[in-house]
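First comes the structure, then the notes that go with it.
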Amino acid sequence: MPRIVPLDTLSGFELETDVLVCGFGGAGACATLEARATGAEVILLERASGGGGSTALSACEMYLGGSGGTRLQRELGIEDSSENFRAYLDECFGAHADPARVDTFVAGAAAHFDWMESLGVRYKRELYPEREVVCLTGASLQYTGNERAHPFSAISTPVPRGHLPADAGHDGGKVLMGVVMQRVAESGADIRTDSRAVALVQDRDGRVHGAIVRQAGREFAIRARRGVVLATGGFIMNEEMTRRHIPDIAELCTRHGNPGDQGDGILMGVSAGGNAIHMGQAFISVAHYPPARNTFGIFVNEQGQRFVNEDVYLARIGHYASVQTGMRFFMFTDEPHFGRPDYHQSTEIVAVGETVEEVEREAGLPEGSLQHTVAYYNAHAGNGADPLFHKAAEWLAPLHTPPFALIEYSLPILKPHCFTLGGLDTLPTGEVLTPERNVIPGLYAAGRNAAGIPRTGKGYASGMSVADATFFGRLAGRSAAGNTPA
Ligand SMILES: Cc1cc2nc3c(=O)[nH]c(=O)nc-3n(C[C@H](O)[C@H](O)[C@H](O)COP(=O)(O)OP(=O)(O)OC[C@H]3O[C@@H](n4cnc5c(N)ncnc54)[C@H](O)[C@@H]3O)c2cc1C
C-alpha cells in the first residue's frame, strides 16, 4: 500500500484543520489537548470505534520523578532530585538514550504529574513499598523497576517513581484515559472514530500537508495547515514487522497491545523520509514475582549457571532470558522459598529432589553444574553477599532446605507478554527526523510511534511507556500547533 501521496497528484482536500492527530490513545489524546489549548483547530482520527488504545488497556502506571520530587513523592516525604532521576535513566538506557530527550523529560516529569492531576486524574497519597508488578492495594506510588537492584542502586538513591491512578490496580488505564478522553471531548476537537490514517500527503520539498483517511470504505484527504501528529502506537500486532524486527521472539511471545498496534504511523513516517530506530528492542515480561519470596530463588540456564540478579524488574529478566541458549532457563529454589508465580501459571516443575544432585540429574543438567552453582551461591548468601550478580542482601538466603525444586520458565513455554519499543527518530518536540537528522517539516510523532525514553527491555521499568507517550504527546501537540502554517 503506498503510504505517501504526492501533493501535486491530489485532486483536493475534503477537510481542513490546523493540526491532524492520528491515533486517540495516550499520546494522541495529550497532543490534542495541548494543541487545542493554544487555540489550534484539531481533527483527531481513531481507527477503532472508540479511543483509548493500549493506554486504556494498561495499568497507566507512569514513571515520573526529578525536580526534587513530584507532588505525590514530596507529600509522602520522598525526595527525588533531577540528578538522581537522570543518573537512574542513564544507567537504564546508556548509549541507547537520546540525551536531549532525557534532559527534557527529567526537567518536566514532575510538572507532568501536576498536569495529570489538573485534568482530574486522582492519585492517592499512599506508598506501597513491597516488591510488586502493579500495586493492588489502591496506593498510588510504588517502586516499579530496578531502583533497589544492582547496578542501579549503586549509582542512584532508590526512590519509588511508579505513579498509579488511585484505587485502580490493573484498571488504571480505563480510569486515566476515561478522564483524559472526557477532557478531549470537551476541548472542541473534531473526533472521528472508525477513521484510519493510511497515507501522508507530502510535497516535493518534503513538507507534509495532511493525510489520506479511510472511513467506511471510502478514502479522502484532510489538509493539516500546521502539522500531522502520528500517534498510532507500536507494531506488536503486525506479523510481518515483528518477524522482521524482533524475529527471535515474534513466534513465541504473547502480543501485548490493542489490534491497532500495526505500526501504521511508523510505516507512514518512514515513507515520508523518517528514520525508524531501536526497532529490534522489545519489552519481554518474565514476572517471577509476586509472590515476592520467589526473588530468593536463583535462575539458572541450561548450563546450570546463573545469569542475572533475581531482584531486578521483570523486563530485565526477560531481556537476559532471551539471550540464553534456546531461551531456556529455570528457577531453583527450596521449600521455604517456593512459590508459583501469580502471572505465569504455565511454569512447569521439571524436577524435585531431596538433594541438589537429584534435581540436577532429573532435569538433565550437566553433571555437577547445578551443584556447583548452588554451593557457591549458598556459601556467600549466608554472609549476605552475592559476588557474581550482587542481588540485594534482603533477598539472599542459603537455599538448603529440602525438598528442592527446579521450575522451568523457558520463554518458548512461558510465551511472555511483549510489546515493541522501536519507532521514529524525533526531536523532543516530536519533529520527525530523517536518517541525517534533518526535520521533516509538518510531521510529528509521539508515543510508541516514536523511539522514546524507554529504548531497551533491559532498562525498562513499569510506567516508562505511558509517561513517555503522554509527556511527549503533549510536546508534539504543542509544537505542531505552533508551527508556521503551510
Ligand atoms: C495490558 C498492558 C499493560 C500495560 N501497562 C503499562 C503501564 O502500566 N505503564 C506503562 O508505561 N506502559 C504500559 N503498557 C504499555 C503502554 O500501554 C503503551 O506502550 C502505551 O500506552 C502506548 O501509547 P500510545 O499512545 O503510543 O499508543 P496507544 O495508546 O495504543 O494509542 C494508539 C491509538 O492509535 C490508533 N490507531 C492505530 N493505527 C491508526 C491509524 N492508522 N489511524 C488512526 N488511528 C490509529 C489505535 O487504535 C489506538 O487507539 C502496557 C501495555 C499493555 C498492553
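Any read-out appearing in this document is the output of simple, stated calculations on the displayed coordinates, not a laboratory observation. Keep in mind it's a predicted model, so treat the numbers as computed, not measured. Here Cβ is always computed from backbone atoms with ideal geometry, including for glycine, and neighbour counts include all displayed protein chains.
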**Asked** Against the longest principal axis of the chain, how steep is helix 172-186, in degrees 0 to 90 to the nearest 10, with axes from Cα atoms?
**Response** 10
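Per 0.36 nm of contour for each residue apart, how much would the distance between Ala37 and Ala87 grow if the chain were fully extended, relative to their Cα-Cα spacing?
Taking Ala37 through Ala87 to full extension adds about 14.7 nm, to one decimal.
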**Complete:** Taking the reciprocal of mean 1/r across every pair of different Cα atoms in segment 146-209, the Kirkwood radius in Å is 16.8
**Message:** Can you give me the angle between helix 26-37 and the longest principal axis of the chain, using Cα atoms only, in degrees from 0 to 90, rounded to the nearest 10?
**Reply:** 40
**Asked** PRE reach from Asp205 (point 7 Å along Cα→Cβ): which of segment 414-451 fall under 15 Å by backbone N?
**Response** 439-443
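For segment 377-486, state which trypsin sites (Lys or Arg not before Pro) are in a DSSP loop and have at most 10 other beta carbons lying within 10 Å of their beta carbon. Write out the running numbers ahead of the final one.
Numbers: sites: Lys391, Arg437, Arg448, Arg455, Lys458, Arg474, Arg478; in loops: Lys391, Arg437, Arg455, Lys458.
Here the sparse-neighbourhood loop sites are Arg437.
Loop-only GluC sites (Glu not before Pro) in segment 31-138, please: DSSP not H, G, I, E or B, and at most 14 other Cβ atoms within 10 Å. It would help to have the intermediate numbers written out before the result.
Numbers: sites: Glu34, Glu41, Glu46, Glu61, Glu75, Glu79, Glu83, Glu91, Glu117, Glu126, Glu130, Glu132; in loops: Glu41, Glu46, Glu61, Glu79, Glu126, Glu130, Glu132.
The qualifying sites are Glu79, Glu130.
Pull out the extension gain between Glu436 and Leu15, defined as 0.36 nm times the separation in residues minus the alpha carbon to alpha carbon distance; nm, one decimal. Please list the in-between numbers first.
Working: separation 421, 0.36 × 421 = 151.56 nm, distance 3.28 nm.
This chain segment gains 148.3 nm when fully extended.
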**Complete:** note: segment 234-352, Cα-Cα separations exceeding 20 Å make up a percent value of 51
**Message:** Taking every DSSP beta bridge with both residues inside the chain, roughly what % is antiparallel (nearest 5)?
**Reply:** 60
**Fill in**
Note to self, the chain gives a 222 nm [θ] from helices alone (DSSP H runs n ≥ 4, -39500 (n - 2.57) apiece, / all residues, nearest 500) of -8500 deg cm²/dmol
**Fill in**
Shape descriptors of segment 286-414 over alpha-carbon atoms, Rg and Dmax in angstrom, are 13.0, 36
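Taking the radius of gyration and the Kirkwood hydrodynamic radius from Cα positions alone, what is the Rg/Rh ratio for segment 64-210, to two decimal places? Can you show the working numbers first?
Numbers: Rg = 18.6 Å, Rh = 17.5 Å.
With Rg and the Kirkwood Rh in hand, the quotient comes to 1.06.
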**Item:** Cα-based convex hull volume of segment 374-486 per residue, rounded to whole Å³
**Value:** 163
**Prompt:** Considering every Cα-Cα pair within segment 191-265, what fraction, in whole percent, is farther apart than 16 Å?
**Reply:** 59
**Prompt:** So for the pair Ala393, Arg122, with labels modelled 7 Å out along Cα→Cβ, what separation do we get in nm?
**Reply:** 4.2
**Item:** Magnitude of the charge dipole, segment 286-414, Cβ model with Lys/Arg +1 and Asp/Glu -1, debye to 20
**Value:** 420
**Fill in**
For the chain, the Cα convex hull volume per residue in Å³ comes to 130
